[in-house]
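The values are calculated or read from the model by the stated rules, or taken from the named source; none is laboratory data. These numbers come from a predicted model, not from an experiment. Quick reminder, even Gly has a Cβ in these numbers, built from the backbone with ideal geometry, and neighbours come from all protein chains shown. For accessibility, only protein heavy atoms count, side chains too; no ligands or nucleic acids. Shrake-Rupley method; radii C 1.70, N 1.55, O 1.52, S 1.80 Å.
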Amino acid sequence: MIKQMKMSRLWIIKLTLIVFLAAIISLAGYQLYTHRHFQVPLITGPGVTKVVKLSEYSPGIKGTMADTNVFFLEGSEEGGKILILANTHANEPAALLTALLFIENAVVDKGTMIIIPMFNNSAGRNTRPGDGYPLYFEIPTKWGSKKFRMGNRDASPLDQWPDPDVYVHYPDKQLLSFLDVRNTNRTWPGRAKGPLMERVTFGAMEIMRKENVDIAIDIHGAETMFPVTNCIVAPEKSMRIAVMTTLTVKSREHFDSHVEPSPSGFRGLSHREIGDYADTFPFLLEAPIPFLDQPTGPKTVDLLLDGKDPFLLSLSKKGKLFVPYDEEGWSMEKRVGQHCSVTLEIMSQYSKKNPDRTIRISSVPRYADVLKNGVGYYYHDPNKTDKKNIIYN
Amino acid sequence: METQIGIILAVMVFAYALAKWRNFSIELSMLFAAVAGGAAGALYNTPPPGQIFRHLVEGSFTYLDVILVFSTATIFMAIVSESGGVNYVVRSIIKHFYNIRFIALLLLMIIILIPGALTGAGSVSLLVVGAPVALALGYLGIDKRRVAAILFIVAGLSAAAPPVNIWAMILSAGTAIPYVGFELPLGIPVLLLGIFTVLFLGWKNEGTLDKQKVLEDMPEVPEKMSWWRVLLPFLVFFGLVVAYRIWPFATPIFGLALEFSIAGLVALLVSPKKIHILKLSSETMKRLLPLLATMVVVGMLQQIMTATGVRGLLSFAVISTPLVLLFIALIFIIPISEGVLTYGGAAIIGIPLIWFLDSIGLHATVAIAGLSLLWPLGDGLPPTALIGRLSVMVSGYKGTYWTFLKKTWVPWVVITIVGILMVLFSARLDFLVKWSM
């Protein structure tokens, strides 16, 4: 009798735990599902002339979460062409915010600007298990706030899985970490029928080859403890323009963004493979993002946006960071402002050297403007925008 | 903020200690620590209260792939064992090499090294070849405690061995250093340390049986068992692994879990005796459950530690340690971080550490190789003790876990010294990287 009572008590405990567990999983599952399917309204500004899908250049991604929007901003005059890639790593959001700032505001007078704001679309809908990221962040604007998904560095395993035990880079056969098979800054130049993320980078390569793109800028963020941060990474062919850009922004706009050479022995990176497999001049921009550093306090939205952290401040005083860091942190405005100015300056320097391939745009703020007004100042209210000018991504 | 994070850490430690005191398992104790940490963090809105369950569930997926590999590899090996293949291999090793001890030990070491070197997981070595090697070592007159110690150290070295070293890959990926040039900086120390370990722990023959008696005592092997029946499933597995290396652009990506499943299916088809696969799989998974639960809970713990800032605090403590003290501390910090966070330790501590070592003029590739000799040692430390627990399990050692671990101290110290020296003299050892490329 006692044994039976103990058994039934055990069953009650087990059943209660199962019900409790099911409730937790359902709640968390709903939150994660909503995050994956959350749509960000992207507003096409006065310069946008057409929006196509990346699958038009890489049919292998059609109908998958990897497919993404490509915005064309074509000037009235013919000139050079620039491709801007953002969210290659979807946990470095200053890139996306910069790209949207261009899409919503830029007016192209001469040449063409092509922008892929959510390049690794799958990663933008992924989370980072083990790393405790928030699911969303919001940028304050004049009309409220604009909400974004916080993504991951790698594409979602829901879209590309399984991983190999080691990733063999195409076409150099260099061995890379198994995770890099889902990292769109390791899968360049890509293949039409390779793993999904190789098809994504292949699509961008096809844009560059078919549209005769002159410049490609891949926008990123990097830890303050990472030596390759706050810089322009450039291969040999882009080096001169990168150096001129660095010197110009330093003297005219008073911020640092030094030049780092693209290592020739490290394959799969945009700044290496684009230059080797297309006539395009590649640049990769890095701005410090304290949120990604390991020795920080809680991974909060505040840390993501203002970049203020007491541990990093202490390490800075001990000389262990690779960028100047003080009580002001490293705000989103600073990062986005830097990206805007450096991008505009690269275009300007390229145009000076190649007048027949000039790219001239206006209405995009520079570093000081973004610092003064904030990033959200340049975003438009979707509720007051003509629906045909809104693309959901 | 330091006080806030300190309080959360204290709550987590207290919850863990309380659960252990109430005789809960390691897995449940860690789960309590994670939940308590999340709840304490929620008081400061780090994470927001509405996000605690999401963090716990999301964190539980951190090691999903590893869990799948463990499960499929263990079922594969269970099929091989049930078919009589394991006993067949052990019998053959004893028959041919019983009296040539050095070669027998060397061969057994290489057998353990291969699966881990190819997959980057020492646990795979133990799951695939651990049981037959343990039996063979036993018949060579090595007691089960020393067998478990040999398996643990060599399986750990197999995970560090090239071509696939997951710690080095995580560090390379996180520090933007190409995963190239690791063959000699990893291969040479792994081989030398492996040979030292099997000779130190396995040279002494404590057995009293002669070869004939040993062969008579060994379990019967099914009559139709043959070398091709044993080897074919392994050939299929390694064939699939190697095929992707040789023809990476023509071979589909199967992933280790599917490769083990295919090999298991082949083992089932060529088995000379009928195997009840559902019953066998169910029993195997029951045996594996504590290990899998550990992986699930470690992921949850890691996620909560990051969301609350506890992980950052620990990482900060390591990075801000003075240089000389840091090198001494690494001896303890690296294995302990592996014991608590498994591969997460490499990301949390290793990435900023490598950037720092690189900035003071040390050679990053050799330093990564040196450190990655130390990480597998932590796989013997609680709370996870992944390889340690598997070593005890496959060797059949019945003593306490700590008595097993004590037996590993000499190879442990030697490996630690070699690893630290590699980091310290990495700039002078850079020729190993050049020769590898």
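Here are the numbers for this structure:
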| item | result |
| --- | --- |
| Nearest 10 degrees, 0 to 90: helix A:239-248 Cα axis against chain A principal axis | 90 degrees |
| Positive-end residue, the range A:264-330 charge dipole about Cα centroid, Cβ charges, pick of A:Ile289, A:Phe311, A:Tyr277 | A:Phe311 |
| Dimensions in Å of chain A - Rg and Dmax from alpha carbons | 22.4, 95 |
| Convex hull per residue volume in Å³, alpha carbons only, for the protein assembly as shown | 172 Å³ |
| Among B:310-316, A:368-374, the order from most to least packed when residues are scored by Cβ within 10 Å on average | B:310-316, A:368-374 |
| Solvent-accessible heavy-atom area per residue, rounded to whole Å², over the range B:61-436 at 1.4 Å | 37 Å² |
| Quarter of the Cα convex hull surface for the range A:37-125, i.e. its orientation-mean projected area (nm²) | 5.7 nm² |
| Principal-axis tilt of helix B:277-308 within chain B, Cα atoms, nearest 10 degrees | 20 degrees |
| Long-range amide H partners of A:Gly268 with built H, under 5 Å | A:Glu273 |
| Per-residue SASA entry for B:Ile328, accessible area with 1.4 Å probe, Å² rounded to 10 | 90 Å² |
| Rg followed by Dmax, in Å, when the range B:88-128 is reduced to its Cα trace | 11.5, 33 |
| The range B:296-393 - Kirkwood radius from inverse mean 1/r over Cα pairs (Å) | 13.9 Å |
| Loop-located trypsin sites (Lys or Arg not before Pro) in the range A:112-203, at most 13 other Cβ atoms within 10 Å (DSSP) | A:Lys142, A:Lys173, A:Lys193 |
| Principal-axis tilt of helix B:85-97 within chain B, Cα atoms, nearest 10 degrees | 70 degrees |
| Cβ-based charge dipole, the protein assembly as shown, positive-most Cα from B:Val164, B:Leu231, B:Ile328 | B:Leu231 |
| Three principal axis lengths of chain B [C-alpha, angstrom, descending] | 69, 51, 50 |
| Listed residues B:Trp247, B:Trp203, B:Trp228, most fluctuating in chain B (Gaussian network, C-alpha, under 10 Å) | B:Trp247 |
| Pairwise FRET efficiency - B:Ala17 versus A:Ser314, Cβ, R0 = 30 Å, nearest 0.05 | 0.55 |
| Chain B, helix-only ellipticity at 222 nm - DSSP H runs n ≥ 4, -39,500 (n - 2.57), divided by all residues, nearest 500 | -23500 deg cm²/dmol |
| For residues of A:128-141, the mean tally of beta carbons on other chains within 10 Å | 6 |
| Where labels lie 7 Å past Cα in the beta-carbon direction, separation of A:Arg209 and B:Leu424 in nm | 5.3 nm |
| Length released on extending from B:Asp210 to B:Leu278, taking residue separation times 0.36 nm less the Cα-Cα span | 20.5 nm |
| Rounded to the nearest 10 Å², the accessible area of A:Asp302 at probe 1.4 Å | 100 Å² |
| Rg/Rh for the range B:1-60, where both radii come from Cα atoms and Rh is the Kirkwood radius | 1.00 |
| For chain A: relative contact order, % (alpha-carbon pairs under 8 angstrom, 6 or more apart) | 19 percent |
| In nm, spacing of pseudo-spin labels at A:Ile390 and B:Val242 (7 Å Cα→C-beta vector) | 5.9 nm |
| Size of the A/B contact, given as accessible area buried on both chains, probe 1.4 Å, in Å² | 4800 Å² |
| Average beta-carbon neighbours from other chains, 10 Å sphere, peptide B:117-126 | 1 |
| Centroid-to-centroid separation of the range B:154-169 and the range A:129-206 [C-alpha atoms, Å] | 25 Å |
| Other-chain or far-sequence residues with amide H under 5 Å of A:Ile361's (modelled H) | A:Asp109 |
| Extension gain from B:Tyr401 to B:Leu199, taking 0.36 nm per residue of separation minus the Cα-Cα distance | 70.5 nm |
| Quotient of Cα Rg and 2.2 N^0.38 Å for the range B:86-241, N being how many residues it contains | 1.13 |
| Amide proton proximity set for A:Asn126, modelled H, under 5 Å, gap of 5+ | A:Asn152 |
| Mean separation of Cα contacts under 8 Å (6+ apart) over length of the range B:1-60, as relative contact order % | 29 percent |
| Across B:Lys224/B:Lys398; B:Lys144/B:Lys406; A:Lys334/A:Lys384; B:Lys211/B:Lys407, pairs whose alpha-carbon gap is larger than 24 Å | B:Lys224/B:Lys398; A:Lys334/A:Lys384; B:Lys211/B:Lys407 |
| Quarter of the Cα convex hull surface for the range B:166-276, i.e. its orientation-mean projected area (nm²) | 11.8 nm² |
| Peptide-level mean, for B:312-321, of C-beta atoms on other protein chains within 10 Å | 6 |
